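Q: Can you keep this structure in mind? I'll have questions shortly.
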Amino acid sequence: MSKQNFVEQIADIEQDFPQWYTDVVIKTGLVDYGPVKGTMIIRPYGYAIWENIQSQLDKRFKATGHKNAYFPLLIPMSFFTKEAEHVEGFAPEVAVVTHAGGEELAEPLAIRPTSETIFGSMYSKWIQSYRDLPVLINQWANVMRWEKTTRPFLRTSEFLWQEGHTAHATEEEALEETMKMLGVYKEFAENCLAIPVITGRKTEKEKFAGAVATFGMEAMMKDGKSLQAGTTHYLGQNFAKAFEIKYLDKDGVQKHVYTSSWGVSTRLIGALIMAHGDARGLVLPPVVAPEQVVIVPIAAKKAGVTEKCEEVKAQLEKAGVRVILDGSDNSPGWKFNEWEMKGVPLRIELGPRDIEEGKALIFRRDTLEKQAYSLENLAAEVTALLDTVQKDMLEAARKRRDGRIVYAESLEGILSGVEGGNFVKAGWCGCRECEDKVKVTAAATARVYAEGETAEKCAVCGKSSKHVIIFARAY
Ligand code: ZN
């Protein structure tokens with residue numbers, strides 16, 4: 001296949017969304033498959049997105065009083081058995097090290113699937129008095145949850161994430177932390193990823209193994225499916241009791257602490273791809289895009305063109321814009337295709353005539369619109385335009401999603417709703433049986449409670465409704 005036609009190598013987004021996704025992640029250089037089934041290699045273009053996500057989140061965590069630390073990858077297997085629900089939930093996906101240094105180990109070691117247990121064991125040592133509380137620690141790490149198939153960023157055995165683990169004197173404080181971090185995630189998703197999310201509590205069936213309550217944020221992908229983009233867990237005293245995390249309170253009484261944990265992962269990159277991507281490939285929001293602007297010289301060999309492009313690049317860099325100048329010998333058309341596929345938010349086209357007229361053409365990846373801007377003051381124009389793109393992308397995604405939220409009053413209604421690529425709000429009596437019925441009949445799961453909404457009847461059994469649930473098919 002000729003280079004000119006490489007965009008045609010991406011499957012049609014309308015016809016075959018899963019194949020479109022696979023094509024996009026591979027052909028834009030975000031990832032490649034690792035030699036071990038279930039593993040992925042995050043290539044520089046993908047990792048740059050992760051670094052931007054990290055830096056945005058990290059400053060938000062620090063602004064809310066958290067500090068970073070690093071805990072070991074290996075956790076004694078016995079730790080997992082201390083919290084019954086936790087071990088049951090994670091047992092099927094834990095990878096275990098049984099041999100090392102040429103010998104069988106006396107105790108097998110788990111490769112961390114999550115770190116509540118090892119944080120718990122250390123917190124029991126570090127926390128003695130009410131003066132030691134709260135403890136607010138985050139770690140950036142890799143985790144492993146065994147998978148037989150590979151869906152880059154969505155389902156892989158090893159992935160990168162952050163996990164916050166906090167300990168508090170009271171239930172109120174731990175709950176407040178759980179909700180605060182859910183709010184931090186939501187603000188980050190909307191303002192940095194331009195992805196509108198619905199936050200709310202998860203059902204018992206969908207909660208984290210070992211939590212009292214789990215809260216999630218759900219994002220709608222372009223195929224109408226939901227992607228759980230982050231979760232926060234109120235753990236009550238479950239881990240405090242399992243690991244004897246106690247403190248001497250002001251009244252002289254020994255008490256168990258209350259804990260929380262919360263995490264987001266490289267799944268967020270999958271969310272970015274599927275919430276914004278289009279027929280041409282990626283569409284990246286400026287805040288997390290590795291390159292915010294690409295400059296493509298037109299008739300680059302003509303006198304003064306390359307020099308002017310270099311000059312514009314320097315001006316943009318000075319203004320803090322992440323910019324790349326594509327000086328390769330590919331044709332401008334080829335470059336347009338490539339950078340559009342890679343989702344760069346803005347493209348500046350600069351040729352001899354533009355320079356003569358003192359202007360540049362700017363192409364917006366999100367709207368596919370092209371407009372001329374004066375070369376004078378171009379950096380300020382570009383900076384403002386990047387802000388506009390960021391906001392417009394969020395609004396466009398919100399409009400798409402809001403047009404695809406429907407209500408259902410029967411199981412058939414839920415089925416036809418999710419088949420049509422919608423989030424479906426429906427009344428629920430609260431029983432597991434009805435939740436399971438939705439799963440079996442509609443291949444949809446309860447994503448989160450639609451907080452603050454009420455319905456008269458359970459859409460499944462017709463008994464009185466306790467909650468309104470958002471049902472969707474999910475990644
Ligand atoms: Zn019911």
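Q: What nm distance separates the two modelled labels at residue 36 and residue 440, each placed 7 Å from Cα along Cα→Cβ?
A: Label-label distance for residue 36 and residue 440, simple model: 3.8 nm.
Q: Which FRET efficiency value, to the nearest 0.05, do you get for residue 307 and residue 388 by plugging their Cβ-Cβ distance into 1/(1 + (r/R0)^6) with R0 = 30 Å? Provide the component values of the computation, followed by the final result.
A: On the way: r = 29 Å, r/R0 = 0.97.
The computed FRET efficiency comes out at 0.55.
Q: Which of rounded, prolate or oblate describes the range 46-154 when judged by the alpha-carbon gyration tensor and an a/c cut-off of 1.5?
A: Numbers: a/c = 2.05, a/b = 1.16, b/c = 1.77.
Taking the square roots of the gyration eigenvalues as a ≥ b ≥ c, the range 46-154 is oblate.
Q: Another one. To the nearest 10 degrees, how steeply does helix 378-402 sit against the main Cα axis of the chain, on a 0 to 90 scale?
A: 50
Q: Here is a further query. Modelled label-to-label distance, residue 380 and residue 395, 7 Å Cα→beta-carbon offset: nm?
A: Each label point is offset 7 Å from its Cα along the Cβ direction, giving 2.3 nm.
Q: What does the charge count near residue 346 come to, summing +1 for each Lys or Arg and -1 for each Asp or Glu among other residues with Cβ under 9 Å from its Cβ? Intermediate values should be presented prior to the final figure.
A: Numbers: positive: 347, 364, 365; negative: none.
Net charge around residue 346: +3.
Q: Can you tell which of 57, 259, 144 lies farthest toward the positive end of the dipole of the chain, using +1 and -1 charges on the Cβ of basic and acidic side chains (Lys, Arg; Asp, Glu)?
A: Among 57, 259, 144, the one farthest towards the positive end of the dipole of the chain is 259.
Q: Right, another one. Keeping every protein chain in place, order 60, 112 by accessible area at 1.4 Å, biggest value first, i.e. largest first.
A: Values: 60 45, 112 0 Å².
The residues order as 60, 112, largest area first.
Q: First check a/c for the range 218-337, with a ≥ b ≥ c the square roots of the eigenvalues of its C-alpha gyration tensor; if it is under 1.5, answer rounded, and if not, answer prolate when a/b is larger than b/c or oblate otherwise. Could the numbers behind the result be given before it?
A: Values: a/c = 6.05, a/b = 2.55, b/c = 2.37.
It comes out prolate by the Cα gyration axes.
Q: What is the extension gain from residue 125 to residue 368, computed as 0.36 nm multiplied by their sequence separation minus the C-alpha to C-alpha distance, in nm to one decimal? Can you show the working numbers first?
A: Values: separation 243, 0.36 × 243 = 87.48 nm, distance 5.72 nm.
Residue separation times 0.36 nm, minus the Cα-Cα distance, leaves 81.8 nm.
Q: For the chain, give the magnitude of the charge dipole about the Cα centre (Cβ charges: +1 Lys/Arg, -1 Asp/Glu; no others), in debye to the nearest 20. Can you show the working numbers first?
A: Working: 59 positive and 65 negative charges, 40 e Å.
About 180 debye.
Q: Let me ask something else about it. What is the local net charge at residue 203, summed over the other residues whose Cβ is closer than 10 Å to its Cβ (Lys, Arg +1; Asp, Glu -1)? Walk me through the intermediate numbers first.
A: Working: positive: 201, 202, 205, 207, 432, 447; negative: 204, 206, 435.
The answer is +3.
Q: Just to compare against my own numbers: the Cα pair-distance distribution for the range 293-400, 10 Å bins, whole % per bin, please.
A: 14, 49, 30, 6, 1
Q: Continuing with the same structure: Taking only Cα atoms, what is the 0 to 90° angle, nearest 10, from helix 171-191's long axis to the longest principal axis of the chain?
A: 20
Q: Residue 190: accessible area at probe 1.4 Å, nearest 10 Å²?
A: We get 30 Å² for residue 190.
Q: How much of residue 90 can a 1.4 Å solvent probe reach, expressed as accessible area in Å² and rounded to 10?
A: Surface open to solvent at residue 90 totals about 10 Å².
Q: Right, next: More than 26 Å apart: what percent of Cα pairs in the range 332-475 qualify? Provide the component values of the computation, followed by the final result.
A: Details: 5054 of 10296 pairs.
When every Cα pair of the range 332-475 is considered, 49 percent fall beyond 26 Å.
Q: Answer with one residue from 42, 420, 178: the one whose Cα lies farthest towards the positive end of the charge dipole of the chain, charges on Cβ with Lys, Arg +1 and Asp, Glu -1.
A: Positive-end residue among those listed: 420.
Q: Once R0 is set to 51 Å, what does the formula 1/(1 + (r/R0)^6) return for the Cβ-Cβ distance between residue 278 and residue 99, expressed as a FRET efficiency to the nearest 0.05? Intermediate values should be presented prior to the final figure.
A: On the way: r = 49 Å, r/R0 = 0.95.
My answer for the efficiency is 0.55.
Q: Leaving out ligands and nucleic acids, and using a 1.4 Å probe, what accessible area per residue does the chain come to in Å²? Could you put the intermediate results ahead of the total?
A: On the way: 20880 Å² over 475 residues.
Heavy-atom accessible area per residue stands at 44 Å².
Q: I need the P(r) histogram for the chain: all alpha carbon pairs, bin width 10 Å from 0 out to the longest distance, whole percents.
A: Spelled out per bin, shortest first, that is 4, 18, 25, 24, 16, 9, 3, 0, 0.
Q: Also: Using Cα-only point scatterers and the Debye equation, what is log10 of I(q)/I(0) for the range 405-472 at each q in 0.24, 0.26, 0.28 Å⁻¹, rounded to two decimals?
A: -0.94, -1.12, -1.32
Q: Tell me which of 403, 386, 114 sits at the most positive position along the dipole axis of the chain, charges placed on C-beta atoms (Lys, Arg +1; Asp, Glu -1).
A: 403
Q: Counting only protein heavy atoms, what percent of the accessible surface of the chain is carbon or sulfur at a 1.4 Å probe? Could the numbers behind the result be given before it?
A: Details: 10640 of 20880 Å².
Using a 1.4 Å probe with all protein chains present, the chain comes out at 51 percent carbon and sulfur.
Q: So how strong a dipole does the range 29-128 carry about its Cα centre when Lys and Arg Cβ are +1 and Asp and Glu Cβ are -1, to the nearest 20 debye? List each step's numbers first, then the result.
A: Values: 9 positive and 11 negative charges, 121 e Å.
The calculated dipole for the range 29-128 is roughly 580 debye.
Q: Hey, with R₀ at 35 Å, roughly what FRET efficiency would residue 250 and residue 54 work out to, going by the Cβ-Cβ distance, to 0.05? Before the final figure, lay out the partial values.
A: On the way: r = 38 Å, r/R0 = 1.09.
For residue 250 and residue 54, the calculated efficiency is 0.35.
Q: For the range 3-276, what percent of Cα pairs sit more than 35 Å apart?
A: Numbers: 7626 of 37401 pairs.
That fraction is 20 percent.
Q: Can you classify the range 136-249 as rounded, prolate or oblate using the Cα gyration tensor, where a ≥ b ≥ c are the square roots of its eigenvalues, rounded means a/c under 1.5, and otherwise it's prolate if a/b beats b/c and oblate if not?
A: Working: a/c = 1.97, a/b = 1.49, b/c = 1.32.
Prolate is the answer for the range 136-249, as a/c is 1.5 or above and a/b outweighs b/c.
The values are calculated or read from the model by the stated rules, or taken from the named source; none is laboratory data. The model shown is predicted, which means the values in this text are computed figures rather than measured ones. Every residue, glycine as well, gets a Cβ built from its backbone with ideal geometry; the counts of neighbours run over all protein chains shown. What goes into the accessible areas is simple: the full protein's heavy atoms, side chains included, and nothing from ligands, DNA or RNA. Shrake-Rupley method; radii C 1.70, N 1.55, O 1.52, S 1.80 Å.
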